[in-house]
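Chemist: Questions regarding the structure given below will be posed in turn.
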Amino acid sequence: MTRSVNKAIFPLAGHGTRFLPMTKASPKEMLPLVDKPVVQYVVEEAVASGIQEIIMITGRGKRAIEDHFDISYELEDVLEKKGKYELLEEIRKISYLAEIVYTRQKESLGLGHAVLCGRQFIGDEPFAVALGDEIIDGPEAALAQLVGVYLRLNGPVIGVQRVPPEEVSHYGIAAGKEIGEGLIEIETLVEKPTPEEAPSNLAVIGRYILTPDIFSILEQQKPGVGGEIQLTDALRTLAGQRPVYAYEIRGARYDTGDKLGFLKATVQFGLKNPELGESFRKFLRSLFPGDPETGGR
Ligand code: G1P
């Protein structure tokens, strides 16, 4: 029987080295996109996809994430006394978005190991995995797109998007047989291949629907690229045992753990913001006077 997907693991223990020195004392997942931390967008995506319980795998220096999703009586009291009811409502909502539990990954042993740290909270049901610094802005929540495929095919599904050949070495790369529009039955998966080794340009983009049989594979998984226990390697083994699918997620993806990715996301979300969008657009145009491409004056 196909079971619905109610839980998600968020691996959040990474050091954010691509964004130093900003991430020396603050988690990369707490960087703001306009007025919300990046990880809140990912939690909202999960909730919009039917997820009710989130298992956050954190580590040292990540306490700000817990505080953000906790109740802040002091702040609520201040807002109430000042009569800022709209803001109060918004702040309150954050603490009730989902049931969140936290556990720590004590050593940086890789994404596969981080997912394994969530095992005791999952039990015998399918679950989602979402990387907390990847934002996908699409017509339908990214995890919801994968849940749809999971419910149809009753097997693990990995979210992918095509990337230029020169970027394949930054990602896990999937390849296989196309069995529907944007849907592939995976034959192989390689973590961070060189462009020569890459079996395709379908990059794994930090969204997965997995089944609990991945845990026993992860337990046995030897370190791979970078000396880390790679989720991609375990998924390749799983694909040898049962059908595993890749689905091309619709939506614009921003890797906010990367400086340029973060800047792009900030501009995009700034432009879309109902309060700020119009003035922000004017400001951006004023930076390029007379440029026909940007429509500047
Ligand atoms: C991880 C995964 C990789 C995936 C990527 C997406 O790599 O191991 O397969 O393509 O996330 O961002 P990381 O970026 O953590 O090195």
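The values are calculated or read from the model by the stated rules, or taken from the named source; none is laboratory data. Note that the structure is a prediction, hence the values are computed from the model and not measured. Because the Cβ atoms are built from the backbone with ideal geometry, glycine has one as well, and the counts that use them run over all protein chains shown. Ligands, DNA and RNA are stripped out before the accessible areas are found, and what is left, the full protein with its side chains, is counted by its heavy atoms. Shrake-Rupley method; radii C 1.70, N 1.55, O 1.52, S 1.80 Å.
Chemist: Could you give me the ³J(HN,Hα) list for segment 188-198, computed from phi with Karplus coefficients 6.51, -1.76, 1.60 and θ = phi - 60°, whole Hz, x at Gly and Pro?
Modeler: 8, 9, 10, 7, 6, x, 6, x, 5, 7, 4
Chemist: Which pairs in the list 106/222; 36/282; 28/282; 81/282 are over 27 Å apart, alpha-carbon to alpha-carbon?
Modeler: 28/282; 81/282
Chemist: Of all GluC sites (Glu not before Pro) in segment 28-132, which ones are in loop regions per DSSP and have a Cβ with at most 13 other Cβ atoms within 10 Å?
Modeler: Loop-located and lightly packed - 107.
Chemist: I've got another one for you. Over the Cα atoms of the chain, what radius of gyration and what Dmax do you get, in Å?
Modeler: For the chain, the Cα radius of gyration and maximum Cα-Cα distance read 20.0, 63 Å.
Chemist: Express the carbon and sulfur contribution to the solvent-accessible surface of the chain as a percent, rounded to the nearest whole number, probe 1.4 angstrom.
Modeler: So the carbon and sulfur contribution to the accessible surface is 51 percent.
Chemist: For a 31 Å ceiling on Cα separation, which of these pairs sit above it: 62/259; 84/259; 177/272?
Modeler: The pairs that break the limit, which is 31 Å between Cα atoms, are 84/259; 177/272.
Chemist: Residue separation times 0.36 nm, minus the C-alpha to C-alpha distance between residue 24 and residue 248: what's the value?
Modeler: Answer, rounded to one decimal: 77.2 nm.
Chemist: Moving on. Compute the angle between helix 142-153 and the longest alpha-carbon principal axis of the chain, please, reported from 0 to 90 degrees and rounded to the nearest 10.
Modeler: Tilt of helix 142-153: around 30 degrees.
Chemist: Could you state the number of Å between the C-alpha centres of segment 50-66 and segment 180-257?
Modeler: With segment 180-257 and segment 50-66 each reduced to a Cα centre, they are spaced 23 Å.
Chemist: Run the quick spin-label model on residue 35 and residue 219: label points 7 Å from Cα toward the beta carbon, then report their separation in nm to one decimal.
Modeler: 4.8
Chemist: Which whole-number value in Å³ per residue fits the convex hull of the alpha carbons of segment 164-256?
Modeler: Taking the convex hull of the Cα positions in segment 164-256, it is 115 Å³ per residue.
Chemist: Extension gain residue 87-residue 140, at 0.36 nm per residue separation less the Cα-Cα distance, in nm?
Modeler: So the chain would gain 16.4 nm between residue 87 and residue 140.
Chemist: Order 228-240, 144-156 from most to least packed using the mean count of other Cβ atoms within 10 Å.
Modeler: Result, highest mean first: 228-240, 144-156.
Chemist: Related question: Report residue 22's accessible area, 1.4 Å probe, all protein chains in place, as a number in Å² to the nearest 10.
Modeler: Spelled out: residue 22, probe radius 1.4 Å, area about 90 Å².
Chemist: Here's something else I'd like to know. Just to be sure I understand the model, the point goes 7 Å from the Cα along the line to the Cβ. What's the resulting residue 99 to residue 52 distance in nm?
Modeler: So the two model labels end up 0.7 nm from each other.
Chemist: For Cα pairs less than 8 Å apart in space and 6+ apart in sequence, what is the mean separation divided by the residue count of the chain, i.e. the relative contact order in percent?
Modeler: About 21 percent, as a whole number.
Chemist: Can you give me the accessible area per residue for the chain, using a 1.4 Å probe, in Å²?
Modeler: For the chain, the solvent-accessible area averages 51 Å² per residue.
Chemist: Given the whole protein assembly as supplied and a 1.4 Å probe, what does the accessible area of residue 160 come to in Å², nearest 10?
Modeler: Number for this one is 0 Å².
Chemist: Only Cα pairs under 8 Å and at least 6 apart count here; give the relative contact order of segment 23-83 as a rounded whole percent.
Modeler: Relative contact order here is 38 percent.
Chemist: Read phi for every residue in segment 108-118 and hand back ³J(HN,Hα) as whole Hz from Karplus 6.51 cos²θ - 1.76 cosθ + 1.60, θ = phi - 60°, with x for Gly and Pro.
Modeler: Along segment 108-118, the couplings run 7, 9, x, 5, x, 5, 4, 5, 4, 4, x Hz.
Chemist: Same structure again: Amide H of residue 104 versus every other amide H placed in the peptide plane: which residues, excluding those fewer than 5 positions away on the same chain, fall under 5 Å?
Modeler: Those qualifying (amide H under 5 Å, at least 5 residues apart or on another chain) are 58.
Chemist: Work out Dmax and Rg for segment 1-141 from the C-alpha atoms and quote the Rg first, both in angstrom.
Modeler: When restricted to the Cα atoms of segment 1-141, Rg and Dmax are 15.9, 53 Å.
Chemist: I need the Debye-formula profile for segment 220-297: one equal scatterer per C-alpha, no solvent, reported as log10 I(q)/I(0) at q = 0.14 1/Å, two decimals.
Modeler: Log10 of I(q)/I(0), two decimals: -0.71.
Chemist: Also: Considering only DSSP beta bridges with both partners in the chain, what is the antiparallel share in %, to the nearest 5?
Modeler: In the chain, DSSP labels about 60 percent of beta bridges as antiparallel.
Chemist: Quick check: the angle from helix 38-48's long axis to the longest principal axis of the chain, C-alpha only, nearest 10 degrees?
Modeler: 70
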